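Remarks on the structure that follows.
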Amino acid sequence: MELLYAMTTGVLTACGLYLTLRGRTFPVVVGLTLLSYAVNLFLFSMGGLTTDGPAIVSEGSNYADPLPQALVLTAIVIGFAMTAFVVILAMRARSEVGNDHVDGNKEDRE
Amino acid sequence: MTLLWIALLPLLGVLVPTLTAGRGRRYCSLATAVLPAVALVMTLLNVPALLDGEQLRFSASWMPELALDLAFRLDGLSLLFNLLILGIGLLIILYAHYYLAKDEPFGRFYAFLMLFMASMVGISMSDNLILLWLFWELTSLSSFLLIGFWSHQSDARKGARMALTVTGAGGLALLAGLLLLGDMAGSFNMGDVLASGEVIVADPRYPLMLGLVLLGAFTKSAQFPFHFWLPHAMAAPTPVSAYLHSATMVKAGIFLMARLHPAIAGSELWSVVVSLVGIVTMLYGAWFALMKTDLKGILAFSTVSHLGLITVLLGIGSPMAILAALFHILNHATFKAALFMSAGIIDHETGTRELKQLGGLKKAMPVTALLTTLAAAAMAGVPLFNGFLSKEMFFTESLATPVLGGLSWLLPALAALGGILSVAYSLRLVHAVFFKPAREAPPKAPHEPPHLMRLPVEILVVLCVVVGLFPAFMATGLLELASQAVIGSPLDFHLAIWHGVNLPLMMSLLAFVAGIALYWRHGDVRRFTQQFVGVDARRVFERILVAIGYRAEQLVARLEGNSLQRYVGWLWLGALVMGGVGLVQITDLTGAAGNQAIDGILILGAGMLMFGGVATAATHRYRLISLLMLSVVGLFVALTFARFSAPDLALTQLSVEVVTMILLMLALFFLPQKTPRESSPLRNVRDLLLAGSLGLVVASLNYAVMTRETLSISNFFIENSKPGGGGYNVVNVILVDFRGFDTLGEITVLALAGLAIFKLLNRLRLFIPHSDGEGRVWSPDRHPAILTSIAMTILPLALLVSAFIFLRGHNQPGGGFIAGLITAVALILIYMARGVAWAQERLDFPFQPVAVIGVAIATLTGLGSWLFGHPFLTSAFGYFKLPLIGTFELATALLFDLGVYLAVVGATLMILANLGKVTTAHRPVTEATEKDANATAASSSPQEPR
């Protein structure tokens, strides 16, 4: 189970990273979002993978680690705020510069 | 307490001229003089206590973490400097009153002057190393303002900049030196530092510390080779030169050496370095004073020379040498300030400072001529003037010291040479200006200045003469106190004019005879030196600055290629290296805990996640498809959270996913639908390799962590969630209670992002496409009936659900975040179904305040716990019984969560509704015209961008 989970994280990370290296804004934003999924999964797994043990106090004693969950919850919302900001910035850049290259300048790109 | 006021009054005095400048100059000058005068009187009132041997200290804790205390002391050395700073400062105010032209902003000038005075008094009285440094930097800044006061002149600007660069760089070195010094002494308190001289000198870091501190002192006191800024600072108005460059600022370095003398001077290194630098400075300055043709230039270089002389004495360091140094500080301040002010008077009344345009002024300005001659005599060291006494003492000490070992005989020889030059340039100054017939006429017909403008000069010259005639009576008391402060024990000395015929007297005589001869032949000397091409210090300085700037630009250009792709590549490469290094050090990737069992659903989920990820990357050129694939990943991430016992996360991820997709789709509408193929195959392979390897590293790392037993602090949260936070849902209790501060920061970021987006969308010019990438026009059916009716039906239901989720959040999965997102999604659905115009009509309130109020509620809830004497964000809860409903719980955490809820709703809608508004702003559609719009849209009229 852990192996499968780690492979998933790795694949998502690799895909996200590849997209952040593209030259146009939209794929980079998509890549960042993908990367944040991977990072959230990674962080979440730091407390170990628990089945059927939500961290809600009751008679049972098998609780998932609540701390990474709280941190990831925060990370999800912040990630949304950042994605929103970056994508609007990309729109603004396109309207100011006239193209959607990440460097804002077609001539300078490699 | 009076000590604090002595230091504070000049600082308060900065406000006086700015407040009274409107009332005319006379009023303003008088008002400005009041506070320093009071400070001077207060200083003098402390003298009896000082004579009784009292330790005058004031100390208040300021920033104890930085070892910075607001600590002041008044000992003999501070007394000497306070008298100079405040006394001469008052004379300067009077002088500047007449010196500045009518239309010049005198209020500003006085304010700068007072700021400078305050910082000098601060240096003189600081009882804490860091505080001393603080005032030290303040003198650099205020002197920059003063030197550059005539900011319309390029000379003044450049001179000010140079002074600031040199003294500012020295100040940084000094800070490092003082920090080392404090560390070595184990305290930043001046008294403790001065008492631990032996420990400091024995410390292995002593040479480094000494170098840094001396760098600070030498730059400030214009010692060779940092002297070059002083002559260029002469572009300042003359009152500034008279004040800063005779009595105060340049003496700050000397003061520092004297102040720290007991702590750092007890080594051979000190004696050799300080006395050598001093002697070179003395001769260099004296030589150029003889060569200069500008009146203030002569004075500037002679100041450099005299500062060198004092430095030599401090380097020699014997008790009598210290006494001579302190005495010369006093004497030099009086005669040099007088000379500067005379030079200013001459400049003011003739319009020039060039020697060749001056001459024969004794007829037009007899009193000024007399005063200048007397002051110059003091500078040359003529008997019966104060300068003679300290110069004799200097000669005596130079003969007595063994500082340079076998070469110690050099010192008196060079001292005598300095004396010769000093006589020659003093003579030249007086003779060329007042007695020699003029070669060219000055720009203005010279006449005597207003009497009160001359008054400061008269006072100072009288002091020169009286001290010269009755040294024992005038100066002994002050010098006893001052020397005791530096040496640490009372010094038995007797100041007298006549010591009998001895070697120092012979040296003085030699200096006079040879000096007069040198001036007699100085035309030949000048002709001889003119063969050499002079080096303009300012040119060199500026060339160095330009070269540094150029190098920096080159370096930046090499590092930064203006390509985000390259930066990101380097970033990931760095991450790869660091992560890889960490992994290599692990011996066994699989830890002790091992793997849990796999089932079919897990394989399916993982497969879908990987497929979604790869498909997102593979189809990235077709952006809409790529986005759809991304949403697959998002959904399965939510399911993953649900599978692994994180219901809160699953709910949050699901609602965020919806909002993110709507947002990205809206944004995609304004961006190109496809990405051109532009990456070279090589680049693609490179990127794939980089991303792939980093993915492998992340996967290995993840696997390594998961298969190991983890030590978590979470048991604390699980155990205390109910008794401490009053909730069963530990995740929610962590968010709103244990780690509430993080959450507060987070919703603040969210609200800020919303505000930033709001500003980014302001006046945005957009490319509105009239069709999608394939050339198909947008659907004319803009508000589909099914969507509209479903959205309308869902809204109340969704609001109900969000209220439910919000209220149960403390005990069951849910809470402010999720409830906020559900509300936002429901509202956005209405916007999408009915259009912004329709929705706005009915939901007529701005979302910015909602977000801000949310953050405010959360903050105030946190602050509320202060009212009950608890730390920030302490929560309280209790159980209440209501008839019919039963027992329920109320916690302040609920109020905090309400803040979170509002912030999330406000920020999300601020982002999406504003973006949505942009799409429709160009084609406002009302209910009445909607049908027409639909009809014309069918005939595919392209919507032009505005």
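Checking the condition surrounded by 22 or more Cβ atoms within 10 Å (Cβ to Cβ) and touching a Leu at 6+ places or on another chain (Cβ under 7 Å), which residue from B:Ala235, B:Ala252, B:Ala247 passes?
Values: B:Ala235 fails: touching a Leu at 6+ places or on another chain (Cβ under 7 Å); B:Ala252 fails: touching a Leu at 6+ places or on another chain (Cβ under 7 Å).
Answer to the check: B:Ala247.
Mind checking which residues of region B:678-700 are closer than 30 Å to B:Gly775 by Cα and either at the interface with chain A (Cβ under 7 Å from one of its Cβ atoms) or buried (at least 22 other Cβ atoms within 10 Å of the Cβ) (or both)?
Residues of region B:678-700 that are closer than 30 Å to B:Gly775 by Cα, as a first pass: B:678-681, B:684.
If the condition is that a residue be closer than 30 Å to B:Gly775 by Cα and either at the interface with chain A (Cβ under 7 Å from one of its Cβ atoms) or buried (at least 22 other Cβ atoms within 10 Å of the Cβ) (or both), then B:Glu678, B:Ser679 are the ones that fit.
Only one of (1) without any contact (Cβ under 8 Å) to a residue 24 or more places away in the chain; (2) touching a helix residue (DSSP H, G or I) at 6+ places or on another chain (Cβ under 8 Å); (3) facing chain A (nearest Cβ under 7 Å) is not met by B:Ala638, so which one is it?
(3)
Among the residues of region B:487-546 satisfying the criterion of being among the acidic types (Asp, Glu) and either part of a helix (DSSP H, G or I) or touching a Gly at 6+ places or on another chain (Cβ under 7 Å) (or both), which is nearest to B:Phe228 (Cα to Cα)?
The first filter runs over region B:487-546 and keeps only residues among the acidic types (Asp, Glu), leaving B:492, B:524, B:536, B:542.
Among the residues that remain, those that are also either part of a helix (DSSP H, G or I) or touching a Gly at 6+ places or on another chain (Cβ under 7 Å) (or both) are: B:524, B:542.
On the way: B:Asp524: 26, B:Glu542: 12 Å.
Among those that are among the acidic types (Asp, Glu) and either part of a helix (DSSP H, G or I) or touching a Gly at 6+ places or on another chain (Cβ under 7 Å) (or both), it is B:Glu542.
Would you mind stating whether B:Ala606 is surrounded by 16 or more Cβ atoms within 10 Å (Cβ to Cβ) and within 17 Å of A:Val30 (Cβ to Cβ)? Let's see the steps before the verdict.
On the way: surrounded by 16 or more Cβ atoms within 10 Å (Cβ to Cβ): yes; within 17 Å of A:Val30 (Cβ to Cβ): no.
Criteria not met by B:Ala606.
Taking B:Thr675 as the residue in question, decide whether it is surrounded by fewer than 22 Cβ atoms within 10 Å (Cβ to Cβ), at the interface with chain A (Cβ under 7 Å from one of its Cβ atoms) and of a type in the set (Ser, Thr, Tyr).
Values: surrounded by fewer than 22 Cβ atoms within 10 Å (Cβ to Cβ): yes; at the interface with chain A (Cβ under 7 Å from one of its Cβ atoms): yes; of a type in the set (Ser, Thr, Tyr): yes.
Yes, satisfied.
For region B:550-568, give me the residue count where each residue is more than 14 Å from chain A (Cβ to nearest Cβ) and among the hydrophobic types (A, V, I, L, M, F, W, C).
Residues in region B:550-568 being more than 14 Å from chain A (Cβ to nearest Cβ) and among the hydrophobic types (A, V, I, L, M, F, W, C): 4 in total.
B:Phe532 passes all but one of (1) over 30 Å from B:Ala163 (Cβ atoms); (2) among the hydrophobic types (A, V, I, L, M, F, W, C); (3) surrounded by fewer than 10 Cβ atoms within 10 Å (Cβ to Cβ); which number fails?
Status for B:Phe532: all satisfied but (1).
Please list, ordered by first then second residue, the pairs with beta carbon atoms under 8 Å, 6 or more apart or interchain, first in region A:44-66 and facing another protein chain (nearest Cβ under 7 Å) and among the β-branched types (Val, Ile, Thr), second assigned to a loop (DSSP other than H, G, I, E, B) and buried (at least 24 other Cβ atoms within 10 Å of the Cβ).
A:Thr50/A:Ala64; A:Thr50/A:Asp65; A:Thr50/B:Phe644; A:Thr51/B:Phe644
Given (1) surrounded by fewer than 21 Cβ atoms within 10 Å (Cβ to Cβ); (2) under 47 Å from the mean Cα position of the chain (by Cα); (3) not hydroxyl-bearing (Ser, Thr, Tyr), where does B:Leu630 come up short, assuming only one miss?
(1)
Name the single residue that is surrounded by the most Cβ atoms within 10 Å (Cβ to Cβ) among those in region B:714-738 being more than 7 Å from every other protein chain (Cβ to nearest Cβ) and not in a helix (DSSP H, G or I). Step through it out loud before you land on a result.
At the first step, the residues of region B:714-738 found to be more than 7 Å from every other protein chain (Cβ to nearest Cβ) are B:715-716, B:719-720, B:723-727, B:732-733, B:736-738.
Now drop any that are not not in a helix (DSSP H, G or I), which leaves B:726-727.
Details: B:Gly726: 22, B:Gly727: 27.
Residue satisfying both the conditions and the ranking: B:Gly727.
For region B:38-150, please list each of the helices (runs of 4 or more DSSP H) lying entirely inside it that holds at least 2 residues being buried (at least 24 other Cβ atoms within 10 Å of the Cβ). First the steps, then the outcome.
Details: elements: B:47-51, B:76-99, B:106-125, B:129-147.
So the answer is B:76-99, B:106-125, B:129-147.
Would you be able to say whether some residue in region B:539-554 is of a type in the set (Lys, Arg) and either at pLDDT below 85 or in contact with a Leu (Cβ under 9 Å, 6 or more places away or on another chain) (or both)? I'd like the intermediate steps shown before the answer.
Taking region B:539-554 and keeping what is of a type in the set (Lys, Arg), we get B:539, B:543, B:551.
Right, trim to either at pLDDT below 85 or in contact with a Leu (Cβ under 9 Å, 6 or more places away or on another chain) (or both) and you get B:539.
Yes, region B:539-554 contains a residue that is of a type in the set (Lys, Arg) and either at pLDDT below 85 or in contact with a Leu (Cβ under 9 Å, 6 or more places away or on another chain) (or both).
Kindly evaluate B:Ser679 against the criterion of being part of a helix (DSSP H, G or I) and either farther than 17 Å from A:Leu35 by Cβ or in contact (Cβ under 8 Å) with a residue 40 or more places away in the chain (or both).
In short, no.
Identify all residues within region A:13-37 that are under 25 Å from B:Val705 (Cα atoms) and within 7 Å of another protein chain (Cβ to nearest Cβ); write none if there are none.
If the condition is that a residue be under 25 Å from B:Val705 (Cα atoms) and within 7 Å of another protein chain (Cβ to nearest Cβ), then A:Thr13, A:Ala14, A:Cys15, A:Leu17, A:Tyr18, A:Thr33, A:Leu34, A:Tyr37 are the ones that fit.
Step by step: first the residues of region B:793-847, then only those that are buried (at least 18 other Cβ atoms within 10 Å of the Cβ) and among the β-branched types (Val, Ile, Thr), then the one that is farthest from B:Tyr728 (Cα to Cα). Which residue is that?
Top of the filtered list is B:Val836.
Could you check, for region B:870-883, whether at least one of its residues is within 47 Å of the chain's Cα centre (by Cα), over 27 Å from B:Leu761 (Cβ atoms) and either modelled with pLDDT of 85 or more or surrounded by 17 or more Cβ atoms within 10 Å (Cβ to Cβ) (or both)? So that I can check it myself, show each step before the final result.
Here is the first cut: in region B:870-883, the ones within 47 Å of the chain's Cα centre (by Cα) are B:870-877.
Then keep just the ones that are over 27 Å from B:Leu761 (Cβ atoms); that gives B:870-877.
Retained after the next criterion (residues that are either modelled with pLDDT of 85 or more or surrounded by 17 or more Cβ atoms within 10 Å (Cβ to Cβ) (or both)): B:873, B:875.
The answer is yes; a qualifying residue exists.
Identify, from the list B:Arg543, B:Arg558, the residue that is basic (Lys, Arg) and closer than 30 Å to A:Leu35 by Cα. Working first, answer last.
Numbers: B:Arg543 fails: closer than 30 Å to A:Leu35 by Cα.
The conditions single out B:Arg558.
On the given criteria, is B:Glu458 in contact with a helix residue (DSSP H, G or I) (Cβ under 7 Å, 6 or more places away or on another chain) and acidic (Asp, Glu)?
Working: in contact with a helix residue (DSSP H, G or I) (Cβ under 7 Å, 6 or more places away or on another chain): yes; acidic (Asp, Glu): yes.
When the stated conditions are applied, B:Glu458 passes them.
Working only within region B:91-120, note down all residues that are closer than 22 Å to B:Ala482 by Cα and out of contact with any Ser or Thr (no Cβ under 6 Å at 6 or more places or on another chain). It would help to see each step written out before you state the result.
First, pick out the residues of region B:91-120 that are closer than 22 Å to B:Ala482 by Cα: B:117-120.
Selection gives B:Met117, B:Ala118.
Could you look through region A:24-52, keep only residues that are of a type in the set (Ser, Thr, Tyr) and surrounded by fewer than 20 Cβ atoms within 10 Å (Cβ to Cβ), and pick out the one that is farthest from the chain's Cα centre (by Cα)? Give the derivation first.
Pass one, region A:24-52, residues of a type in the set (Ser, Thr, Tyr): A:25, A:33, A:36-37, A:45, A:50-51.
Pick out the ones that are also surrounded by fewer than 20 Cβ atoms within 10 Å (Cβ to Cβ) and you get A:50-51.
Values: A:Thr50: 22, A:Thr51: 23 Å.
This residue is A:Thr51.
The values are calculated or read from the model by the stated rules, or taken from the named source; none is laboratory data. It should be emphasised that the depicted structure is a prediction, and the values quoted were computed from it without experimental measurement. With ideal geometry, Cβ positions are generated from the backbone for all residues, glycine too; neighbour counts draw on all protein chains shown.
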